[in-house]
Each structure stands twice: as C-alpha cells, then as structure tokens.
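Following: one structure in structure tokens, then a few remarks.
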Amino acid sequence: MTNEISALQSEKLTALLHYLKTSSSYYQRIFLEKGIDIETIKTVEDLTKIPFTTKDDLALYNDDFLCVSKSEISDFVTTSGTLSDPVAFYLTDKDVERLANNEAEAFKCANGSKNDIYQLMTTIDRRFMAGLAYWMGARKMGAGMIRVGPGAPFLQWESIQRFSPTVLIAIPSFIPRLIDYALENNIDFKSSSVQSILCIGEPIRNPDFTFNELGKRITSQWDVKLYSTYASTEMGAAFTECTEGKGGHLNPDLLILEVVDEEGNIVGESEMGEVVVTTLGVEGMPLLRYKTGDLCNVYYEPCACGRMSTRLGPVVGRKQQMIKFKGTTIFPPALFDVLDMVPEIDLYQVVVSKNEFGNDEISILLPMNLETPIFKEKLHSLFKSRLRVTPLLSFITAQELNHRIFKQEKRKPEKLIYI
C-alpha cells in the first residue's frame, strides 16, 4: 500500500473514531471499558489498540451500533443469516450513495463502462443490500440495468435476446443451469451479446487463482470472461477482480483491511488469515475492526493491472463452517468443488450434522435419478482421491431437492445447511 493511501486512511480513521465517540453507544461503552484514548490512535497501525468487533457483538447489541436517529434511515436491510439469525443494518441517504460509489468503482475494476448493459440475476428486494448496490452502481456509472431477478431460465434468456446485455451479475452455480436450459431449447448462447459474468456469493477460483471446478465448468462451455467478487452487508463494499484475475481489489476509500492469524497478528504476503474490516464513510452503522469470519489469502504487492491496492484471494472457508470429519478438516467449498466436477450433477445440498458422539457428519443430497451403483462408486472414489474421506450420499426427488435449495424466504440457494 502506498504512503498516499496510508495517509488517506489514517485521516479517515481519525474522523471515524471521533464520530463513534460522539454517536455510537456501543463504541462509547467499549472505549470506556477498555480505557481507550482515541487521541493516541493516529494511524492504521494503531488500530491494534482497539479490540475486534465480532458477529456475536453485532447480533447481541444490534441497535447500539446505530449512530443516527431511525428517522434518518432511508433503507433497512439485513444480513443473509447463513449461520445465524439475520442482523439488521440501517442505511442513511449518504450510505446508499456510498454503496453506489462502491459498485460503480467495482464495475469499472471489472472492465465495465457506461456502454455496458448489466443483467441482474439476483433479487433487489427481500432486504438484500447487494441487489440495491448493483442497481445504484450501474446508474451511477451511466450503464443500463435489466432487473430480472434470480432463477427463471426462460425469462433470463428472453431478456438476453430482447435487450442484449453485455454483463450478467449472477451466483455462478446458476450459470450451468442457464447453459443447460439453452442447450435443451436450442438457444445459441455462444453467439449471445454476453461478454462477461460478475460472479457473486461463491468462489470461482482456487487460492492459486486458477479456476475451480465451477469456474472450469462455465468457461469450458461458454467463452465469457468471469470476474470474482467478495462482499458483505456489514462492510457495505466489495473486493472485485480486475482483468488480471489475481484477487479482488480493496477500495481504500471505503475500507481499512486487516488479515489476521489466530492470535490477531497481521499475516504476511500471500498468507491466509481472517478478514477484518473497518468501514470508512459509513453514517448509519460504522464498524471498527469487524471480524468477518472469512478466511482468505492476502496480497500486498502491486497488481499487474497497475493498481496499488491490497488484494484478497478467494474465500477458502468460514471459520464457523470448518468441519472436522473423520479426522480431516474440511471447508464447504472443498466439497462443492468435488461435486462441481461431475457433469451429471446439476443440483446438490450438503447437510452437516452431529452424531451421538458430537462429531461432524456430512451427507450429500442428490437427485434420485442419479442413484445407481456405478454413479455412487464414481463419486465415492472422487471424494476419496480429492479429500481422503467419503461423505454419506442420500437421494431424493428433484422436486424435493429444488424445494430445499431454492426456498422462497431465502435470498440465495441453500447449498449448505447445518442441522
């Protein structure tokens, strides 16, 4: 990171600390309890004097983080609640404008311009911050946006053929379904207007930046450019890949990034740690040293694209989602990667539970039409060779599996559940 970026962030950090001291009942309490004198925190390096904020803190003291009156809130959103109950986030007009600025910059980082037409394949309602951010970002940049929403392959293709979008914004595991629909209905998808896909919510790369099985599955069938993104409601910002495809770039105007080990120490170049963010320019619910729970490799060296900002590799896993199965430590993306290797599998759900001894058990739910001895042996061998362990395979009707994965009350497909 350059001295110029460091100076900018230190200046914004000072302003944030004074704002929190006067406006946030949660951080007022923390500063008092921990004896923190904010005047001694002058640089980003001084942040270590402040304790981390955790997801539990946010859930337990949710409204204490609010720095303005609720009459000043213009948009009410919640986190996705993947591992716990959704947490409320409150955005002022200024925060919504910050979202727009972030996404416009993210689009530009992914080679976007005002000449592009984006097709949004995620929801813009259901208290979902990201959908709003994409629409606002395109508007800010001067680009067009087709708000189709999730699912509905027919409507997606009808919109592509009618409006000729250049970029799709989608959860990447939906793209193979989109391709299958095109093949089944004689749609010449390879000659469509689509040039690139902005992939959200799921990794498409391995830690070494090669495509994972999902990324390979898409690009082997469709000659489109894939851009990976990493974001969350809590940070109200995104790390987005450039054309080099070597990690998502930090927007230093909006976030201070720390990547830390188990002891809370900053990790070195290309090492893996937990992503910790401090939000800059947030008016409604700013956060100091917020531990996301996401584990990523971090890259401090300048990118070949010329940007000097820190980059994050794909999410390797979430600390809370670490599974200890038959003596082997596994993160869900490793399971997804094996399943995405198998062309016959278009739907699956990973179910993690505890047995009577309190140990983790893993079951893979698959469509009933795949239940043959040959297929089961093939999948068992694949898991054994890639992960050294074999989860239990269960087969249910495609209709029931669809219902389990694509729940009406959920904003994202439930590829993973804990029971």
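Table: residues versus (1) open to solvent by 10 Å² or more (accessible area, probe 1.4 Å); (2) over 15 Å from the mean Cα position of the chain (by Cα); (3) more than 30 Å from residue 365 (Cβ to Cβ).
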{"position": "278", "(1), (2), (3)": "no, yes, yes"}
{"position": "290", "(1), (2), (3)": "no, yes, yes"}
{"position": "296", "(1), (2), (3)": "no, no, no"}
{"position": "299", "(1), (2), (3)": "yes, yes, yes"}
{"position": "314", "(1), (2), (3)": "yes, no, no"}
{"position": "334", "(1), (2), (3)": "yes, yes, no"}
Exercise. Read through the list (1) more than 30 Å from residue 225 (Cβ to Cβ); (2) open to solvent by 30 Å² or more (accessible area, probe 1.4 Å); (3) outside any helix (DSSP H, G or I); (4) in contact with a helix residue (DSSP H, G or I) (Cβ under 9 Å, 6 or more places away or on another chain), then give the number of the only condition that residue 114 fails.
Key: (1)
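The rows are residues; the columns are (1) touching a Phe, Trp or Tyr at 6+ places or on another chain (Cβ under 6 Å); (2) in a loop (DSSP other than H, G, I, E, B); (3) of a type in the set (A, V, I, L, M, F, W, C).
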{"residue": "285", "(1), (2), (3)": "yes, yes, yes"}
{"residue": "301", "(1), (2), (3)": "no, yes, no"}
{"residue": "306", "(1), (2), (3)": "no, yes, no"}
{"residue": "361", "(1), (2), (3)": "no, no, no"}
Exercise. Out of 219, 240, 233, report the one residue that is modelled with pLDDT of 95 or more, touching a Ser or Thr at 6+ places or on another chain (Cβ under 9 Å) and polar (S, T, N, Q).
Key: 240
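Hey, does the stretch 95-111 have a residue that's touching a Pro at 6+ places or on another chain (Cβ under 8 Å), under 23 Å from residue 233 (Cβ atoms) and either basic (Lys, Arg) or not in a loop (DSSP other than H, G, I, E, B) (or both)?
Taking the stretch 95-111 first, the residues touching a Pro at 6+ places or on another chain (Cβ under 8 Å) are none.
The answer is no; no qualifying residue exists.
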Quiz item: Can you tell me which residue in the stretch 155-187 is nearest to residue 114 (Cα to Cα), limited to those that are surrounded by fewer than 16 Cβ atoms within 10 Å (Cβ to Cβ) and polar (S, T, N, Q)?
Solution: 164
Practice problem: Would you check if there is a residue in the stretch 202-215 being closer than 13 Å to residue 248 by Cα and assigned to a strand (DSSP E or B)? | Solution: yes
Quiz item: Of the residues in the stretch 117-145, how many are closer than 23 Å to residue 191 by Cβ and either modelled with pLDDT under 95 or open to solvent by less than 20 Å² (accessible area, probe 1.4 Å) (or both)?
Solution: 5
Practice problem: Being surrounded by fewer than 16 Cβ atoms within 10 Å (Cβ to Cβ) and over 29 Å from the mean Cα position of the chain (by Cα) is the filter here, so list the residues in the stretch 26-73 that pass it. | Solution: 28, 29, 32, 33, 34, 35, 37, 39, 40, 42, 69, 71
Quiz item: What do you reckon, is residue 161 within 27 Å of residue 220 (Cβ to Cβ), at pLDDT 95 or above and more than 22 Å from the chain's Cα centre (by Cα)?
Solution: yes
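Could you please let me know if residue 236 is surrounded by 21 or more Cβ atoms within 10 Å (Cβ to Cβ) and within 30 Å of residue 176 (Cβ to Cβ)? Quick ask: steps written out before the conclusion?
On the way: surrounded by 21 or more Cβ atoms within 10 Å (Cβ to Cβ): yes; within 30 Å of residue 176 (Cβ to Cβ): no.
So residue 236 does not fit the description; no.
The values are calculated or read from the model by the stated rules, or taken from the named source; none is laboratory data. Note that the structure is predicted; figures quoted are calculated from it, not measured. We place every Cβ from the backbone using ideal geometry, glycine too, and count neighbours over all the protein chains shown. SASA here: full protein model, heavy atoms, side chains in, ligands and nucleic acids out. Shrake-Rupley method; radii C 1.70, N 1.55, O 1.52, S 1.80 Å.
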